[in-house]
Every structure is written in C-alpha cells, then in structure tokens.
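For reference, the structure is listed below as structure tokens.
The values are calculated or read from the model by the stated rules, or taken from the named source; none is laboratory data. Given the structure is predicted, the values throughout are model-derived calculations rather than measurements. Every residue, glycine among them, receives a Cβ derived from its backbone with ideal geometry; neighbour counts consider all protein chains shown.
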Amino acid sequence: MTGYGKVVLELPAKTMRIEIRSLNSKSLDLSMRMPGDYRSKELELRKIIGNRLGRGKVDLSLYVERNKTEAASKINNTVVQNYIQQLKTLTESDSDLELLKMAVKMPDAISTEKEEVEAEEWTEILNAVTLVLDRIQSYRTDEGLALLKDFSARINNIDALLKSILEMDPKRLENVRERLNKGIAELRETLDQNRFEQELIYYIEKLDITEEKIRLQNHLDYFLKTLDSKESNGKKLGFISQEIGREINTIGSKANYAPMQKLVVQMKDELEKIKEQLLNVL
C-alpha cells in the first residue's frame with residue numbers, strides 16, 4: 001500500500017505542487033492539507049482518491065504559490081471615509097494621509113475576498129491529481145511484484161519443509177514405538193502383547209499428523225492460487241496465512257520428535273515473514 005507521487009502544476013497566475021503519500025492501513029485513512037479556497041472541492045477529491053487507492057493511510061498536500069500580486073483584498077471605501085470623519089473630531093491632525101493610515105487599521109476597513117476555483121483551473125488540478133495517482137499506482141505495482149516473488153519463495157520454502165516432514169514421519173513414529181517399548185521393558189512387567197499393541201496404536205493415532213499435512217498442503221496451494229488473482233486480496237491472503245499457521249502449530253504440538261520440531265520452527269519463521277509483508281498488500 002505504500003507509494004508516493006508528486007506533480008508541479010504551472011498555471012498562468014500561480015504554481016501548484018500536489019503530493020500524495022500512502023502508507024499501510026487496514027482501511028482508507030485520508031488526510032488533506034490545502035488552502036481554504038479549495039475546501040469546497042474536498043469531497044470530490046476524497047472520492048477520486050478513495051476509488052483509486054482503495055485503502056491505506058493517505059496524505060494529500062496541495063501547495064499554492066502565486067506568481068503575481070492579485071487583488072485578494074478590497075478596501076471598504078464607505079467604512080474608511082466614516083472612520084476618517086470620526087478621527088477628525090478626535091485629533092488635531094490636518095494630514096489626510098495620517099488619518100488614512102489610522103482608518104485602514106480599523107475593523108472592517110479592508111475585506112478579503114474569497115476566490116472561487118475556476119472550472120478550467122480545477123480541470124488542470126484534477127488532471128494533475130490523476131497523474132500523481134498513476135505514479136503511486138506504478139510505485140505500488142513495482143512493490144507488489146517484489147512481494148509476489150518473496151511470497152512465492154517463502155511458500156515454496158514451507159512446502160519443501162513439509163515434504164521433509166513427510167519423509168521424516170515414518171522414522172518419528174518408529175522412534176515413538178521404540179521409546180514406549182523401552183519404557184515398558186524398564187518396568188520389567190509382563191504385559192498382554194495384544195493390549196499393548198492396541199494402546200500403542202491409540203497413542204500413535206493421537207500423534208498422527210496426516211490430516212494436518214493434507215490441510216496445510218491445500219492452504220499452501222490456495223495461497224499461491226490467490227496470489228495469481230488480478231483482484232486485491234490482501235485480507236484474503238491474511239486469512240489463509242492464519243490457517244497455515246494453525247496447521248503448522250498443530251503439527252508442532254503433535255510432533256514429539258526434536259528433528260521434526262526444528263523443521264516446524266523454520267516453517268513458523270517463514271510464515272511470520274509472510275505475515276509482516278501482508279500488512280502492505282491491498
């Protein structure tokens with residue numbers, strides 16, 4: 001969701017600089033800084049930016065520098081003349097210039113006229129905003145391609161670790177069987193072999209991770225499939241990563257075998273890095 005764009009717009013009477021920054025956010029959080037003359041257009045800008053960027057913490061800055069002096073202020077002649085007449089009764093000064101200097105400092109002597117945004121100027125501004133948004137989208141696309149490569153590599157790493165676990169699983173179960181037999185032998189008790197085999201099977205079934213392995217493989221495949229979608233699926237990928245984590249944790253809790261648990265730790269590390277980067281995906 002991160003991105004940055006800037007455009008300098010040269011108009012006959014002013015120079016405008018439009019900047020938009022975008023950072024990670026679960027929703028659209030848009031703040032705008034612009035002169036008061038353009039506040040009437042704020043809702044229109046919000047709609048345009050929201051439709052293009054979707055979500056993110058977005059900051060828009062609109063700076064205006066006038067190229068020439070414009071009549072932004074107007075002298076209220078009637079008010080000033082009244083002030084001068086009143087001042088003449090209060091001072092012995094015969095200088096009209098001195099009285100004028102005092103009069104123009106009085107309340108309402110000068111009024112500031114608010115400029116209306118002309119249609120032609122607003123069209124130029126909208127075109128500039130569109131260009132800035134295009135640059136942000138290009139920035140996002142480049143970053144997205146890098147993330148796509150990173151996600152694919154890490155999912156493939158988890159898949160490779162899962163395959164190593166599959167290869168290791170028979171040895172793990174045999175190790176469990178040997179440890180149980182050794183424990184029983186150390187007790188030096190005579191056992192019903194059939195009953196022992198039944199209990200052993202029950203115990204091994206509790207440690208069985210077949211379902212977790214199947215579900216994890218399905219989640220990994222679904223993650224890669226979702227990556228290929230043309231739509232924005234950041235939240236969906238987040239949900240899938242949660243399911244991946246759930247299966248990895250279950251495998252780890254059932255492993256009861258140090259070499260397998262080491263692989264589980266590596267899988268968790270890869271998944272954690274995926275989750276961190278998913279915060280930057282729409």
Q) In the range 8-23, is there at least one residue being at pLDDT 75 or above, within 22 Å of Gln137 (Cα to Cα), touching a Gly at 6+ places or on another chain (Cβ under 9 Å) and among the polar types (S, T, N, Q)? A) yes
Quick count over the range 100-123, residues being at pLDDT 75 or above and farther than 21 Å from Ile84 by Cβ, is 6
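Condition check ((1) without any contact (Cβ under 8 Å) to a residue 40 or more places away in the chain; (2) part of a helix (DSSP H, G or I)) across all residues:
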residue	(1), (2)
Phe223	no, yes
Lys230	yes, no
Phe239	yes, yes
Arg246	yes, yes
Ile251	no, yes
Met260	no, yes
Leu263	no, yes
Gln266	no, yes
Glu276	yes, yes
Scanning the range 227-249 for residues that are polar (S, T, N, Q) and within 12 Å of Ile155 (Cα to Cα) gives Ser241
*asked:* Being part of a helix (DSSP H, G or I) and either within 13 Å of Ile155 (Cβ to Cβ) or modelled with pLDDT of 70 or more (or both): is that true of Gly183 here?
replied: no
Counting only residues in the range 186-216 that are of a type in the set (Lys, Arg) and modelled with pLDDT of 65 or more, the one surrounded by the fewest Cβ atoms within 10 Å (Cβ to Cβ) is identified as Lys206
Residues of the range 19-38 being part of a helix (DSSP H, G or I) and surrounded by 12 or more Cβ atoms within 10 Å (Cβ to Cβ), in sequence order, are Asp37, Tyr38
When restricted to Asp159, Asp142, Asp150, the only residue within 27 Å of the chain's Cα centre (by Cα), part of a helix (DSSP H, G or I) and within 20 Å of Ile244 (Cα to Cα) is Asp150
Within the range 39-69, of all residues that are in a loop (DSSP other than H, G, I, E, B) and exposed (fewer than 14 other Cβ atoms within 10 Å of the Cβ), the one modelled with the highest pLDDT is Asn67
